[in-house]
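See below for the structure under consideration.
The values are calculated or read from the model by the stated rules, or taken from the named source; none is laboratory data. Given the structure is predicted, the values throughout are model-derived calculations rather than measurements. Here Cβ is always computed from backbone atoms with ideal geometry, including for glycine, and neighbour counts include all displayed protein chains. Heads up: the accessible areas ignore ligands, DNA and RNA and are worked out on the full protein's heavy atoms, side chains in. Shrake-Rupley method; radii C 1.70, N 1.55, O 1.52, S 1.80 Å.
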Amino acid sequence: MRINWSCGRQLVSAQDWIQIRRVRGFHASTRQLTNSSLPRHQEANKENRSNTDEWTNITSTIERLTDRKLLSNPAHPLSILTDIIFSKFPEQEYTRANFPNPRVSVYENFESLNITSDHVSRSKTDTYYLNKDHVLRTHTSAHQVESFRDHPTPGFLIAADVYRRDEIDKTHYPAFHQMEGGRWWSPQGTSSVKELVAKINQDTAKIPVSEIKIIDDTLPFHDGNPKQHGQHQEVCIAITNHLKRTLEMVVGDIFENIALGDPSAPKEPLQIRWIDATFPFTSPSWEMEVYWQGDWLELFGCGVTQQRVFDRAGYPERVGWAFGLGLERLAMVLFGIPDIRLFWSEDPRFVEQFTPGVVSAFKPFSKYPGTYRDFAFWLKEGTIPEEFHDNDLMDIVREAAVDLVESVKLIDKFTHPHTKRNSLCYRVLFQSMERTLQNDEINVLQDSIRDSLKTKFGVELR
């Protein structure tokens, strides 16, 4: 989970990507925390979510997306995929949680998950802030503490929309969807570590063994991917085995028993592999990749849940695991959908071609020509290129053109040899998925983008 589990997104440096990533029972006792015993930030004042301040950076375009609720349509590919994955988890063990409101507190989105105040993912260039205390959730993990605390079953599943400031291209969109899952065990009713391990192992034995090829060269834990201090190693190993067996079963069923997005693709033996990973709220942690149509596709981020998460949920005695999955990336592969914007298309020809419960190949209904326009400008005197963030331009473009832009790319940086002023040039591809754009229409959008650049950032257009 970028911080978020495994959503296949790209960012800045490799080190920042490791930091930002990532997608994310025996019945619960009746003990519940009262509101007064919860951290103050956790029970955020919902009225304050609408207040604005110097942190507010959500645009009207993004605000409108929060009302779309794509997962409520059973014929939408994302809903179809969600239902298929949910069906692999027994309902008597996993609660299907529903969190329709993407507005959460900073505590829920970051602090409850051990994400420190100086973490890169908390930057205004990465996250949409409603105000200094509230954000649009950047991952479904924002509900992890609440889910471990409140649900009557030992497991939970969440699927929901999440938001992040990001680049514009065919695989990135500021709103997308993730799935989160978790499972816990309690030592209550056991008299020793050995009995707790036996309890977990009994549950693992109930999970069908997948017949896919599994490549796992990882260790249960080591210095670079450590178990948590104070957790018995046999408990850690037992949790890990249950986690990996569960996700291997899910992936094996999905990829071997549903139709391909491209039915003509050659059938290949399914392989998965496990890779060490790092997440703030699990340790040890891993990623799962599947070999599909000639490439390794990253699917899950997962790991043994940090005890501090259970502490914040009010159950410090529990142990367990959590995973996360980015839905769009997997749906694009399985349904053969070439552009992430299509998931948000309001053209009925998109959703009407799909059937609830069935994975079928996407049938293109249009292919209209695109038009490139370049935007070149001098930054304000004394400003270096690194101080102008790409995501600021992306929001300006989205606010002006909404979904009429396929990609935005930086194509040139230039420093004047005498004045030392810095210039940037971005290339924007205007292309609708539903109709041909006219030059006059593109000119209006271009002027709007240029005006916003001047007004908001004081640039000098070239």
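Val444 sits with roughly 100 Å² accessible to a 1.4 Å probe, with DNA, RNA and ligands left out of the calculation. Solvent-accessible area of the chain (1.4 angstrom probe, protein heavy atoms only): carbon and sulfur portion equals 50 percent.
Accessible area per residue (1.4 Å probe, heavy atoms of protein chains only) ranks Leu243, Leu445 as Leu445, Leu243, with the largest value leading.
The listed residues Glu298, Glu387, once ranked by accessible area (1.4 Å probe) with the largest placed first, stand as Glu387, Glu298. Protein heavy-atom accessible surface, 1.4 Å probe, per residue over region 128-237: 39 Å².
Just report the Cα centroid separation between region 322-389 and region 122-191, whole Å. One Cα centre to the other: 21 Å. Where both bridge residues fall in the chain, DSSP classifies roughly 90% of the beta bridges as antiparallel.
Computed on region 345-462, the Cα convex hull volume stands at 128 Å³ per residue. Per residue, the accessible area of region 371-461 comes to 52 Å², computed with a 1.4 Å probe over protein heavy atoms only. The packing ranking of peptides 125-136, 424-435, highest mean first, is 125-136, 424-435, where packing means the average number of other beta carbon atoms within 10 angstrom of each residue. With the gyration tensor restricted to C-alpha atoms of the chain, the semi-axes of the equivalent ellipsoid amount to 40, 27, 21 Å, longest first. Measuring with a 1.4 angstrom probe and ignoring ligands and nucleic acids, Phe354 comes out at about 10 Å² accessible. The peptide list 328-336, 98-106, put in order of mean Cβ contacts within 10 Å with the highest first, becomes 328-336, 98-106. Counting only heavy atoms of the protein chains and using a 1.4 Å probe, Ile396 has close to 10 Å² of accessible surface.
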